[in-house]
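Structure, as structure tokens:
The values are calculated or read from the model by the stated rules, or taken from the named source; none is laboratory data. All figures in this text were calculated on a predicted structure; none of them were measured in a lab. Glycine also receives a Cβ, built like all others from the backbone with ideal geometry; neighbour counts cover every protein chain displayed. To get the accessible areas, we keep the full protein, side chains included, count just its heavy atoms, and leave off ligands, DNA and RNA. Shrake-Rupley method; radii C 1.70, N 1.55, O 1.52, S 1.80 Å.
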Amino acid sequence: DVKVTQSSRYLVKRTGEKVFLECVQDMDHENMFWYRQDPGLGLRLIYFSYDVKMKEKGDIPEGYSVSREKKERFSLILESASTNQTSMYLCASRYRGRETQYFGPGTRLLVL
Amino acid sequence: GESVGLHLPTLSVQEGDNSIINCAYSNSASDYFIWYKQESGKGPQFIIDIRSNMDKRQGQRVTVLLNKTVKHLSLQIAATQPGDSAVYFCAESSMYSGGGADGLTFGKGTHLIIQP
């Protein structure tokens, strides 16, 4: 069974804090993705990674960075959290060359 | 990327009836389509997919229809159950997506409400 997990379901942080969101998949997928989901805007791609130590900017990378040191783990970093980064963050993964992405349960982040 | 949208933001159906959720896409080069179900507070869950060389594909209680002529995709759910209540959204990809996205382009979603 496909399994994508995210480190936290809910997070509350203060403006200016550095925030780490972790995603782990156990399917040996090469590609991993980070999205944010906001009402009325749908899913928007922040960053993705083709493989270990590889990363590409998505549609809205500003204010975020990522890290992919191991194949199974893809981290999203908010260098200095701001209130407009309050959102639902979704991680996904897939096999290289396949289109189907499998999602984690999401992390709902509130920045005060 | 190209826009992928849904005709109706909310669809209300009686339990036991069939549901049809529609999706329009604008990228004529799209060659793969997928439907996700997202229950409240959870991540999107894969339901069914279809490639552009097909016009119909069936799963368990679900059918996806693809009309490439009018760039329209639909998800049919047979004998709708309370557990089908969720937001459903379509996504598409194209081997020509290029740019930095190389992922799926998602629609906004339709909220399916099941009435008893």
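Other chains' Cβ within 10 Å of A:55-61 residues: what's the mean? Please list the in-between numbers first.
Working: counts 0, 5, 3, 5, 6, 0, 1.
Mean partner shielding for this stretch: 3.
Taking every residue in A:99-109, how many Cβ atoms of other protein chains lie within 10 Å of its Cβ, on average?
Values: counts 13, 7, 8, 4, 7, 3, 4, 5, 1, 1, 0.
Mean number of neighbouring Cβ atoms from other chains: 5.
Select from A:Gln6, B:Phe89, B:Thr10 the residue farthest towards the positive end of the dipole of the protein assembly as shown; place +1 on Cβ of Lys and Arg, -1 on Cβ of Asp and Glu, and compute about the Cα centre.
It is A:Gln6.
For the pairing of chain B with chain A, what total accessible surface becomes buried, with a 1.4 angstrom probe, in square angstrom to the nearest 100? Show your work: numbers first, answer last.
Values: alone 6520 and 6270 Å², together 11210 Å².
The B and A chains share an interface burying roughly 1600 Å².
Inside 10 Å of the C-beta atoms of B:29-42, what's the mean count of C-beta atoms belonging to other chains? Spell out each step's value before the answer.
Working: counts 0, 0, 1, 3, 1, 3, 0, 3, 0, 6, 0, 0, 6, 5.
Per residue, the average neighbour count from other chains is 2.
Taking 4 °C and 1.567 mPa s as the conditions, I'd like the Stokes-Einstein D for chain B in µm²/s, using the Kirkwood hydrodynamic radius from alpha carbon pairs. Before the final figure, lay out the partial values.
Values: Rh = 14.3 Å.
Rounded to a whole number, D works out at 91 µm²/s.
Go ahead and run the numbers for FRET between B:Ser40 and A:Lys71, Cβ-Cβ distance against an R0 of 41 Å, rounding to 0.05.
For B:Ser40 and A:Lys71, the calculated efficiency is 0.85.
When the convex hull of the Cα atoms of chain A is projected onto a plane and the area is averaged over all directions, what value comes out in nm²?
Convex hull of Cα atoms, orientation-averaged projection: 6.5 nm².
Over the Cα atoms of the protein assembly as shown, what radius of gyration and what Dmax do you get, in Å?
Both quantities, over Cα of the protein assembly as shown: 17.5, 51 Å.
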